[in-house]
Amino acid sequence: MNKIIVLLFLLTNFADFDVKSDQFITRQGQVSFFSYTSVENIEAKNNQVLSIIDLSKNEIAVSMLMNAFIFKKSLMHEHFNESYIESDLYPKATFEGRIVDFDPLATGAQTKMIQGALTIHGITKEIEIKTTIQDMNGSYLLTGDFEVAVKDFDIKIPPILAPNIAKIISITFRFEYRPYEK
Amino acid sequence: MNTKNKIVLLLSILLLVAGLYMYYGIYNRSYKNIETISAEVKISSTELVSSFMMNEKFANSIYRGKIIEVDGVLKEVTFLNNRNTVLLYSDNKYSSVLCDMQANQIEEVKKLKKGQKVKIKGVCKGFLKDAILLHCMLTNTQIDE
């Protein structure tokens, strides 16, 4: 009986030391998107993107508020939220995926594919994203870029504004993680 | 062309010019300066976070898109990605109020210390793991108790 108590004591007290945290978080990830046309260039940035990676399962989750994208002009912000993204109805964009063949022992930078589901405007699409993962003393920096088609996410753009907005939007991201203390 | 027609023509041109001018004014407008607008809601950082955690949809209906003033205890200041960000404590260990400060606040933000009481005004955007406020400014730095 005593042995069991000792064992339990040891387990509960030292379990924390054995399990190194495999989860990393950023609350201030950066996501930018660009729309280049001959009429005008539109650029917006969100600096409050939440992301958690779990390296024991190679999983990544991302969530962002659509109304937290900052544009050069506030009218673009209004159009984006009210007409295109409808952020009252769909306040968040999310991504859930898996880092393929992540090597936890590699030092420096490694380029990997992330496969997962991107949800924007209530529509979910399977996508693949190339990312560079940099090990920074037990923390990680993920960067990369990819493209999405406006029509894939059922975003309606009035014909009069069609020349102003690119059919393909390029997106860049920069997530600087830190260990997620449990 | 008689005089009446000339006047009508002149007036309509004037109206058109004025309309275009106003359109471009609105089109090029940047974000509202919240400095001159008073907060619609005043709340503590702990209350704000717990109201989002209890019922996000309901909290969104009250706070989202509004200018609010939050008072709380400073948890952390970060300068990641060239932003000045102030985080305020809540009752929950993993959540806070995340305030993205306006560029003109940098000198004041640099002086802040962890554990200090602050009041911050900003536009509430919603909740992820933290309540998010943008275009923020400190409102009580002068009145130190």
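The values are calculated or read from the model by the stated rules, or taken from the named source; none is laboratory data. All values derive from a computational prediction rather than experimental measurement. Here Cβ is always computed from backbone atoms with ideal geometry, including for glycine, and neighbour counts include all displayed protein chains. Each accessible area value is taken on the protein alone, full model and side chains, heavy atoms only, with ligands, DNA and RNA left out. Shrake-Rupley method; radii C 1.70, N 1.55, O 1.52, S 1.80 Å.
Couple of notes before you dig in:
- Of all accessible heavy-atom area on region B:1-84, the percent that carbon and sulfur account for (1.4 Å): 63
- Probe 1.4 Å - accessible area at A:Asp152, Å² to nearest ten: 60
- Once Rg and the Kirkwood radius are both taken over the C-alpha atoms of region B:7-145, their ratio Rg/Rh works out to 1.17.
- Shown in residue order for region A:143-158 are the 3J(HN,Hα) couplings computed by the Karplus curve 6.51 cos²θ - 1.76 cosθ + 1.60 at θ = phi - 60°: 9, x, 8, 7, 10, 10, 8, 4, 5, 5, 10, 6, 9, 8, 10, x Hz (x for Gly and Pro).
- Shielding value for A:89-95 is 2, the average number of Cβ atoms from other chains within 10 Å of each residue's Cβ.
- Cut-off 14 Å between beta-carbons: net charge of the residues surrounding B:Asn55, Lys and Arg +1, Asp and Glu -1: 0
- 1.4 Å probe accessible area per residue over chain A, in Å²: 56
- Interface size B-A, as summed buried accessible area [1.4 Å probe, Å², nearest 100]: 2800
- Remark: mean inter-chain Cβ contacts per residue of A:106-118 equal 0, using a 10 Å Cβ-Cβ cutoff to other protein chain atoms.
- Working from Cα pairs under 8 Å separated by at least six residues, relative contact order for region B:38-91 is 43 percent.
- Chain A: relative contact order as a whole-number percent, Cα under 8 Å and 6+ apart: 24
- Trypsin sites (Lys or Arg not before Pro) restricted to DSSP loop in region B:8-55 with at most 14 other C-beta within 10 Å: B:Arg29, B:Lys32
- Unit charges on C-beta of K, R, D, E only; dipole of chain A, Debye: 160
- Span from the region B:68-145 Cα centroid across to the region A:24-86 one, whole angstrom: 21
- Stokes-Einstein diffusion of region B:66-145 at 37 °C, 0.692 mPa s viscosity, Kirkwood radius from Cα pairs, rounded to a whole number: 264 µm²/s.
- Note on A:33-46: average number of Cβ atoms from other chains within 10 Å of each residue's Cβ is 0.
- Dipole magnitude for chain B: computed about the Cα centre from +1 point charges on Lys and Arg Cβ and -1 point charges on Asp and Glu Cβ, it is near 480 debye.
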